[in-house]
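The values are calculated or read from the model by the stated rules, or taken from the named source; none is laboratory data. Quick caveat: nothing in here was measured; it's all calculated off a predicted structure. Don't worry about glycine lacking a Cβ; one is built from the backbone with ideal geometry, like all the others, and counts go over all protein chains shown.
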Amino acid sequence: MQKALFVRAEWDEEAQVWVATSDDVPGLATEADTMEALCAKLEIMVPELLSANGYPDSDDIPYELLARRFSVTHTSH
């Protein structure tokens with residue numbers, strides 16, 4: 001089994017979208033309103049970008065998606 005590719009997703013509060021990038025997938029930069037929509041886009045984009053960048057074809061492309069969202073909560077006084 002090949003090493004899993006690493007994809008980062010961060011919540012852009014201003015734009016209200018998840019933004020995904022990766023050092024392991026050249027050219028990957030995409031966004032979506034929900035995590036589910038982002039994952040659906042990654043399922044298509046990751047293999048296409050790897051192929052476009054000359055990576056060997058593979059039936060299975062393991063990847064790890066790390067999502068990060070910063071929030072502030074308040075106490076109820």
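Of the conditions (1) loosely packed, with under 12 Cβ neighbours inside 10 Å; (2) basic (K, R); (3) without any contact (Cβ under 8 Å) to a residue 40 or more places away in the chain, K3 clears all except one; give me its number.
The number of the failed condition is (3).
Could you check region 41-77 and list, in sequence order, the residues that are aromatic (F, W, Y) and closer than 11 Å to V25 by Cα? Talk me through it step by step, then tell me what you get.
Our first condition is that a residue be aromatic (F, W, Y); within region 41-77, this holds for 55, 63, 70.
Once the filter is applied, which keeps residues that are aromatic (F, W, Y) and closer than 11 Å to V25 by Cα, region 41-77 yields Y55, Y63.
Does Q16 qualify as being over 11 Å from the mean Cα position of the chain (by Cα) and modelled with pLDDT of 95 or more?
So Q16 fits the description; yes.
Name the single residue, out of those in region 18-29 being in contact with a helix residue (DSSP H, G or I) (Cβ under 9 Å, 6 or more places away or on another chain) and among the β-branched types (V, I, T), that is surrounded by the most Cβ atoms within 10 Å (Cβ to Cβ).
Among residues in region 18-29 that are in contact with a helix residue (DSSP H, G or I) (Cβ under 9 Å, 6 or more places away or on another chain) and among the β-branched types (V, I, T), the one surrounded by the most Cβ atoms within 10 Å (Cβ to Cβ) is V25.
Looking at (1) acidic (D, E); (2) at pLDDT 95 or above; (3) farther than 16 Å from F6 by Cβ, which one does E64 not meet, given that it meets all the others?
The number of the failed condition is (3).
List every residue pair whose Cβ atoms sit under 9 Å apart, with the two residues 6 or more apart in sequence or on different chains, where the first one lies in region 53-77 and is more than 24 Å from V19 (Cα to Cα) and the second, anywhere, is in a loop (DSSP other than H, G, I, E, B) and at pLDDT below 90.
Correct list of pairs: S58/Q2.
Looking at region 5-28, which of its residues are part of a loop (DSSP other than H, G, I, E, B) and over 18 Å from I44 (Cβ atoms)?
Matches in region 5-28: E13, E14, A15, Q16, D23.
Per-residue answers, yes or no, for (1) part of a loop (DSSP other than H, G, I, E, B); (2) surrounded by fewer than 15 Cβ atoms within 10 Å (Cβ to Cβ); (3) β-branched (V, I, T):
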{"position": "E31", "(1), (2), (3)": "no, no, no"}
{"position": "E36", "(1), (2), (3)": "no, yes, no"}
{"position": "I44", "(1), (2), (3)": "no, yes, yes"}
{"position": "S51", "(1), (2), (3)": "no, yes, no"}
{"position": "I61", "(1), (2), (3)": "yes, no, yes"}
{"position": "E64", "(1), (2), (3)": "no, yes, no"}
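Please state which one of A67, A32, A37, A52 is small (G, A, S) and more than 13 Å from A9 (Cα to Cα).
From the options A67, A32, A37, A52, the qualifying one is A52.
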